[in-house]
1. Between residues in the range 39-59 that are on the phi > 0 side of the Ramachandran plot and residues that are modelled with pLDDT under 95, which pairs lie under 8 Å by C-beta distance while being six or more apart or on different chains?
2. Among the residues of the range 11-22, is there at least one that is under 8 Å from the mean Cα position of the chain (by Cα) and β-branched (Val, Ile, Thr)?
3. Pick from the range 38-47 the residues that are under 14 Å from Leu28 (Cα atoms) and not acidic (Asp, Glu): which of them is surrounded by the most Cβ atoms within 10 Å (Cβ to Cβ)?
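The values are calculated or read from the model by the stated rules, or taken from the named source; none is laboratory data. The shown structure was predicted, so the numbers you read here are calculated from the model rather than taken from an experiment. In this analysis, Cβ positions are derived from the backbone assuming ideal geometry, glycine residues included, and neighbour counts consider all displayed protein chains.
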Amino acid sequence: MTEDQKKKIREAAATHGGKLPCAAAFALSRELGASLKEIGEFCNKENIRIKNCQLGCFP
C-alpha cells in the first residue's frame, strides 16, 4: 500500500471521528485500487475501527 493510499484512508477516518464507516472502506477500495483486505489490515495496524459494517467483513 502506498503512502498516498494510507494518507487517504487516515483522512477519511479523521472526518468520521477516527472511525471509518464500512461504506467508506468499500468506496476507498474502488478509488484506491486496494483490496478490502488491505484496507482492513491497514486499519487494524493504525487502530482505525471500521463501523457500521454492512456485510460482516469487518468485525
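1. Every condition considered, the pairs that remain are Asn52/Pro21; Asn52/Cys22; Asn52/Ala23.
2. no
3. This residue is Ile39.
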